[in-house]
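Asker: Just dropping this structure here.
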Amino acid sequence: MYPRRARLLLPAALLGLAASACAAPGSPAGSTTENRSWSQITNQANGQTVDLWMYGGDQQGNAYVDEVLTPAAAKLGVTLRRVPVADTKDAMTRILAERQAGSKDGAVDLVWVNGDNFATGKQADAWRCGWSSKLPNMKFVAPNDVLVTQDFGASVDGCEAPWHKAQFTLVYNSARVATPPTSMSGVLQWAKDHPGRFTYPAPPDFTGSVFVREVLYSTSGGYAKIPSQFDQGAYAMLTPKLWGALKDVAPSLWRQGRTYPRDSVALDRLYAEGEVDMTMTYGPATLTKLVADGTFPATTRVLPLDEGTIGNASFLAIPSSAGDPESAMVVANLALSPAQQSIKADPDTWGQFTVLDTHLLNQSDRARFDNLPASDVVPPYDVLSRNANPELASSWVHPLDEGWRRAVLGSGS
Amino acid sequence: MLLILGVTGTALAAVVATSLGLLPLVGRPRLSIAGFTSLSGDLHAATQESLLTAAAATMLAAVMGLTIATLVARSGRGVRLVIGLAAAVVTVPHLVGAGATGLLLSDVGLAQRWSGIPAAAWPELVGGRWPWATVLELAWKESAFVALVVIASVGRQYAALREVAAVLGAPPRAQWRRVLLPLSAPALASSSLIVFVYSLGTYEVARLLGRAYPEPLPVMAYRLFTDIDVAARPQAAATAVVATGLALLVAVIGLPLVRRLGADR
């Protein structure tokens, strides 16, 4: 009698678990205002442990967080724990699942995020909002900086604090490219003149996706011609020229455009091995180190474009399910401090560009930025970001990626 | 047993429910087959790619495994060395094998440098029109598995039976065809079925060595699952349902055949 009933207990329990998991998300939305003062927040943060979920494939980034940010946070009474993920989408999966379950003590306290992932979280109401304006160091960020108030066209609304800026850059091997092109259409023409020596990663890879958007800016006559929020009419009007240009150059690409490198890592490998003569990246500061340790050829140079390239910022966001939000805010403020931002901007440390407006800093802090080492490969940030184009809204990203797969890759419907 | 069924059943039910739109991450649940129909062309291409890779890898692994088993059974010498090597190959994870195969067979890989053929003329083995590199990596690893299973099942019986056949005047080729082959058939069939179903579900090998499009079902499912558009979840689940269904179909068709060859004796 007893063993038979017990045998039914386990399947019943599992079915119950399954049934409860099927409940529609009914948990309350992320809090939209932060009413406490900064000193109240720091008091509450004392002794908490922050789990920072961030992309774990960047050695320099990991070293910066482990060796510089974590001890600095410990001095403020906060324990910072870095949780590496292969892709921010893995962190998003966790956050969305915790949101769906209505968890209040989630495993993710702080996450490095921007663009489409931020928009996905906003769509699902998964972010704690209204807190970034409380951070004392936000006063060093220019209030009208479009890259910081809008995240890929989605209004930030205090739901995330800025951390780095990035600039999409084309990179070429000056020993093999005799006359470097000066515009995006020039790059495509160069590819046609040198068959098999150029390619780009297949969207939905992040870098491939932004390359397609750069070509869209070029074929549309500039980013001002494209509505920042996705518009079906604009898409139908502007994309035929885009697909035409990409299909036109495809036969001259590496492997005759029959296939594309799956991600930016694969493209970098092709460039390092000499199979192609150009690559592209969102993080040009890392180029100095790559050239110094011999991964990339010593004749690697940045290719500036007359019309400028896309720039964006990335942020630290706190999920609404976070268990230690106060200490997460303290860490976000620490990461935004001039001291940390200047350490982080050094190419030997991490090489991530600062989000701070150096004109708002005092003399000694500004000197930290002026004294950053110069490099042969990469021009200084203010030169690099001249003419920085803003990103389109993340609502454009998916249709463009899908459109590329259909029009250029030949994927069926 | 019940625990396995419980966990697997719940997982399968969740995936099927997601593919039918009943477990959305955002929005209200609504029953629909849009997850399947909106990508029917891609699903078709992905299924073909999966089946092609799995069939080629299985056939190659079976041939290579049987050859190794034949050599071992016939000679009797160096058995331990071959079994040791095969066991070592089996313990190498597919991810490591895929990485090594990529470095070996790519356009500027080791094989190209050793052969002296210029990089431009090197055949497109990695990420090319046909999944050569994927099939070769799977076949290499799984042939060791097939060889071990066949050797284990044939074992010492073969020596005695071969003597009888030789005494009755059978040449070596007939010995192989009439004695070894039927003796190893059940083990070969069952291990080939396992290799086929496994190859249908392989992710990391196809992801590293295959081309961007068309991609096998598991690679497509993961790409859709991690898509920035959360509305792509039903499509990802639909791909996973198709892959699982295909594997189950193959198992259902293959098991009676294997049983007929006497594998369960």
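The values are calculated or read from the model by the stated rules, or taken from the named source; none is laboratory data. Remember, it's a predicted structure, so these values are computed and weren't measured experimentally. A quick note on method: Cβ atoms are made from the backbone with ideal geometry, for glycine too, and the neighbour counts reach across all protein chains shown.
Asker: Within segment A:86-99, does at least one residue satisfy the condition of being more than 16 Å from the chain's Cα centre (by Cα) and away from chain B (no Cβ under 14 Å)? Before you say what the answer is, go through the steps one by one.
Answerer: Going through segment A:86-99, the residues more than 16 Å from the chain's Cα centre (by Cα) turn out to be A:93-99.
Among the residues that remain, those that are also away from chain B (no Cβ under 14 Å) are: none.
The answer is no, given that none of the residues of segment A:86-99 is more than 16 Å from the chain's Cα centre (by Cα) and away from chain B (no Cβ under 14 Å).
Asker: Quick one: which of A:Ala224, A:Ala236, A:Ala245 is of a type in the set (A, V, I, L, M, F, W, C) and either at pLDDT below 90 or assigned to a loop (DSSP other than H, G, I, E, B) (or both)?
Answerer: Values: A:Ala236 fails: either at pLDDT below 90 or assigned to a loop (DSSP other than H, G, I, E, B) (or both); A:Ala245 fails: either at pLDDT below 90 or assigned to a loop (DSSP other than H, G, I, E, B) (or both).
Being of a type in the set (A, V, I, L, M, F, W, C) and either at pLDDT below 90 or assigned to a loop (DSSP other than H, G, I, E, B) (or both) holds for just one of A:Ala224, A:Ala236, A:Ala245, which is A:Ala224.
Asker: Give the residue, chosen from A:Phe140, A:Phe152, A:Phe198, A:Phe118, that is of a type outside the set (Ser, Thr, Tyr), under 20 Å from A:Tyr271 (Cβ atoms), in contact (Cβ under 8 Å) with a residue 60 or more places away in the chain and surrounded by 19 or more Cβ atoms within 10 Å (Cβ to Cβ). Show your work before the answer.
Answerer: Working: A:Phe140 fails: under 20 Å from A:Tyr271 (Cβ atoms); A:Phe152 fails: under 20 Å from A:Tyr271 (Cβ atoms); A:Phe118 fails: under 20 Å from A:Tyr271 (Cβ atoms).
Result: A:Phe198 is the single residue among A:Phe140, A:Phe152, A:Phe198, A:Phe118 that is of a type outside the set (Ser, Thr, Tyr), under 20 Å from A:Tyr271 (Cβ atoms), in contact (Cβ under 8 Å) with a residue 60 or more places away in the chain and surrounded by 19 or more Cβ atoms within 10 Å (Cβ to Cβ).
Asker: Okay, next question. When only residues in segment B:109-123 that are over 17 Å from B:Val205 (Cβ atoms) and not in a helix (DSSP H, G or I) count, which is farthest from the other protein chains (Cβ to nearest Cβ)? Steps first, please.
Answerer: Kept after step one, since they are over 17 Å from B:Val205 (Cβ atoms), are these residues of segment B:109-123: B:110-123.
Now narrow it down to the ones that are not in a helix (DSSP H, G or I): B:116-118, B:122-123.
Details: B:Gly116: 17, B:Ile117: 15, B:Pro118: 12, B:Trp122: 11, B:Pro123: 12 Å.
Per the stated criteria, the residue is B:Gly116.
Asker: Can I ask one more? Tell me the strands (runs of 3 or more DSSP E) entirely within segment A:254-366 that contain at least 3 residues that are in contact with a helix residue (DSSP H, G or I) (Cβ under 7 Å, 6 or more places away or on another chain) and either in the same structural domain as A:Asp205 (by TED's automatic domain parsing) or among the hydrophobic types (A, V, I, L, M, F, W, C) (or both). First the steps, then the outcome.
Answerer: Details: elements: A:278-281, A:300-303, A:311-317.
The qualifying strands (runs of 3 or more DSSP E) are A:278-281, A:311-317.
Asker: Any residue at all in segment A:188-206 that is within 14 Å of chain B (Cβ to nearest Cβ), part of a helix (DSSP H, G or I) and at pLDDT below 95?
Answerer: From segment A:188-206, those within 14 Å of chain B (Cβ to nearest Cβ) are A:194-197, A:199-206; that's our starting set.
Then drop every residue that is not part of a helix (DSSP H, G or I), which leaves A:206.
In the following step, the residues that additionally are at pLDDT below 95 were identified as A:206.
Yes, that holds for at least one residue.
Asker: Against the conditions (1) within 14 Å of chain B (Cβ to nearest Cβ); (2) surrounded by 20 or more Cβ atoms within 10 Å (Cβ to Cβ), where does A:Glu273 fall short? Just the number, please.
Answerer: It is condition (2) that A:Glu273 fails.
Asker: Follow-up. Applying the selection to segment B:198-214, what residues are touching a helix residue (DSSP H, G or I) at 6+ places or on another chain (Cβ under 6 Å) and either of a type in the set (D, E, K, R) or touching a residue at least 60 places away in the same chain (Cβ under 8 Å) (or both)?
Answerer: Answer for segment B:198-214, where residues must be touching a helix residue (DSSP H, G or I) at 6+ places or on another chain (Cβ under 6 Å) and either of a type in the set (D, E, K, R) or touching a residue at least 60 places away in the same chain (Cβ under 8 Å) (or both): B:Ser199, B:Leu200, B:Glu204, B:Val205, B:Ala206, B:Arg207, B:Leu208, B:Leu209, B:Gly210, B:Tyr213, B:Pro214.
Asker: List the helices (runs of 4 or more DSSP H) inside segment B:1-89, counting only whole elements, that have at least 1 residues being out of contact with any helix residue (DSSP H, G or I) (no Cβ under 6 Å at 6 or more places or on another chain) and within 23 Å of B:Val250 (Cβ to Cβ). Steps first, answer last, please.
Answerer: On the way: elements: B:2-19, B:34-37, B:40-75.
By residue number, B:2-19, B:40-75.
Yes/no matrix, rows are residues, columns are (1) more than 14 Å from every other protein chain (Cβ to nearest Cβ); (2) of a type in the set (Asp, Glu):
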{"position": "B:Gln175", "(1), (2)": "yes, no"}
{"position": "B:Ser184", "(1), (2)": "yes, no"}
{"position": "B:Leu188", "(1), (2)": "yes, no"}
{"position": "B:Thr202", "(1), (2)": "yes, no"}
{"position": "B:Pro214", "(1), (2)": "no, no"}
{"position": "B:Asp227", "(1), (2)": "no, yes"}
{"position": "B:Val250", "(1), (2)": "yes, no"}
{"position": "B:Leu261", "(1), (2)": "yes, no"}
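Asker: Answer with yes or no whether A:Phe198 is more than 14 Å from the chain's Cα centre (by Cα), within 30 Å of A:Asn144 (Cβ to Cβ) and assigned by TED's automatic domain parsing to the domain that holds A:Gln229.
Answerer: Numbers: more than 14 Å from the chain's Cα centre (by Cα): yes; within 30 Å of A:Asn144 (Cβ to Cβ): no; assigned by TED's automatic domain parsing to the domain that holds A:Gln229: yes.
For A:Phe198, the condition - more than 14 Å from the chain's Cα centre (by Cα), within 30 Å of A:Asn144 (Cβ to Cβ) and assigned by TED's automatic domain parsing to the domain that holds A:Gln229 - is not met.
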